[in-house]
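A.B. asks: Before I ask anything, here is the structure I am working with.
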């Protein structure tokens, strides 16, 4: 068991580490600026990986429906921001998303796929609105495609971790380790919220 845990922990630490800073759209283009955007904030990384972990625990159609709901609703939030629609409490809700979705994975909250989609969709709207508010000089369409792709890859990382942990450890032990990873994202969200 300890050997297996030693294999998984480095992967988990990589999934939570910020990859690189925002790219300047004038130097790198709007698409690459969009791809880099979610990878800059630990809150975005943790929330998106947690979505994948929870989807892996839910299984079945939720494996793709829950992450897809996040990406789709995030695009709607992005469009709302571009349209000038105000949205209060964007940053607090984004931080709450890390904690809530992490806790859903930690307790292996079993809900129908539609309920999981609705829950992550609520938070995704705020994530998308934040991306729209930070567009800067980037072209909206290319930037939006870029951060949607990056978000989908982060979700896939979470799903892959959840399924991979399940295969490495098997059965109840695999679910427990995946739940621990979800709990770690929730703790990371609390840490970010407290400004540590």
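A.B. asks: Let me check the size of segment 34-193 from its C-alpha atoms; what are the radius of gyration and Dmax in Å?
C.D. replies: 14.9, 49
A.B. asks: Over all directions, the average projected area of the alpha-carbon convex hull for segment 83-154 comes to how many nm²?
C.D. replies: Mean orientational projected area (segment 83-154, Cα hull): 5.7 nm².
A.B. asks: Grab the beta carbon distance between residue 64 and residue 194, set R0 = 35 Å, and tell me the FRET efficiency rounded to 0.05.
C.D. replies: Using R0 = 35 Å, I get an efficiency of 0.55.
A.B. asks: Residue separation times 0.36 nm, minus the C-alpha to C-alpha distance between residue 149 and residue 187: what's the value?
C.D. replies: 11.1 nm
Computed from the coordinates by the stated procedures, all read-outs in this text should not be read as laboratory data. Every value quoted in this text rests on a predicted model; they were computed, and no experiment measured them. Don't worry about glycine lacking a Cβ; one is built from the backbone with ideal geometry, like all the others, and counts go over all protein chains shown.
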